């Protein structure tokens, strides 16, 4: 059977590009038929990457059949995967997030979780010398993933290895990293066509803190005023999204890539408490600016407290 390779729901560039990279490697190098899949519509930046490198958009799937062989990338969190994921035949996990637990496999598998900024960086390392065989489109996908996840090296998750892989891929492709990053972030920032609910769920993960379930959403942008101008309607939509998704509250961080800061929308006392206890902030209105906060994985999630 063909192996399905996919990342998390609400796919960003890494969860769109890395399945494509790894499916290419399994199929073309290892001789094991594999196909990239998506668990939702890719965000605007990921869609740009597909078009820029002339890559077909992977099929969007809503679930997996029992016993179907799968490789999970860019997550190990069952909440971000199909409901019946443990009924599938999970054959490998490649990720750069903390180990959550809850996945169950049919037997021993290969698991690679490394403290790098991007899944694609790990994949290049796992390929070894075979990475040189990647065609330009696959290199372009990997390059895009790393630049996106590191926010062009601004994110505190960035490592020297991420920088090295970007430099090598960009040199092979003849790409200027700064210019290409600007194109990526412009695509990421173009959110005018999305509804409030779509914006809230676009780059979002569920986490429980102090007995409360939160949808922790991040909007990374070079034009923060565009979503912030919609703060009233966004905060009103928090209630609907929370009710539909079975969480207690939405936390929406608008990350200004250029200024390297995040603005948290504060609709009520619960979120005010989270902001003050988690980040030492003083909240006096319906937003609070958090200087230096760029990474959900390294700076937001680990600090959340009630």
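Beta bridges per DSSP, both residues in the chain: antiparallel share near 40 percent.
Cβ crowding within 10 Å ranks 297, 133 as 133, 297, fewest other Cβ atoms first. Contact order, relative form, for segment 196-303: 23 percent (alpha carbon pairs under 8 Å, 6 or more residues apart, mean separation divided by residue count). Quick check: the angle from helix 160-173's long axis to the longest principal axis of the chain, C-alpha only, nearest 10 degrees? The helix 160-173 is inclined about 60 degrees to the chain.
When DSSP beta bridges are restricted to pairs lying wholly in segment 196-303, around 65% turn out antiparallel. Between residue 98 and residue 65, what FRET efficiency comes out of the Förster formula 1/(1 + (r/R0)^6) with R0 = 30 Å and r the beta carbon distance, rounded to 0.05? With a Förster radius of 30 Å, E is 0.55.
The value given for segment 3-187 is a Kirkwood hydrodynamic radius of 16.2 Å, derived from the mean inverse Cα-Cα separation.
Taking a ≥ b ≥ c as the square roots of the eigenvalues of the alpha-carbon gyration tensor, segment 112-187 is classed oblate because a/c is 1.5 or more while a/b is no larger than b/c. Helix 177-189 and the long axis of the chain differ in direction by around 60°, with both axes built from C-alpha atoms.
Relative contact order, whole percent, for the chain stands at 14, derived from Cα pairs under 8 Å and 6 or more residues apart. Taking segment 289-303 and a reference point 7 angstrom along Cα→Cβ of residue 260, the backbone N atoms nearer than 18 Å belong to 289-300. Treating r as the C-beta distance of residue 270 and residue 186 and R0 as 35 Å, the FRET efficiency rounds to 0.55.
Which of rounded, prolate, oblate describes segment 196-303, given a ≥ b ≥ c as roots of the alpha-carbon gyration tensor eigenvalues and a/c under 1.5 marking rounded, otherwise prolate only if a/b is larger than b/c? Rounded. Spin-label pair residue 179-residue 41: with each label point 7 Å from Cα along the Cα-Cβ axis, the two points sit 3.1 nm from one another. Neighbour counts of other Cβ atoms within 10 Å put 1, 202, 235 in the fewest-to-most order 1, 235, 202.
Only the coordinates and a few stated rules stand behind these numbers; no lab work does. The shown structure was predicted, so the numbers you read here are calculated from the model rather than taken from an experiment. For neighbour counting, all protein chains shown are included, and Cβ atoms are generated from backbone atoms with ideal geometry for every residue, glycine included.
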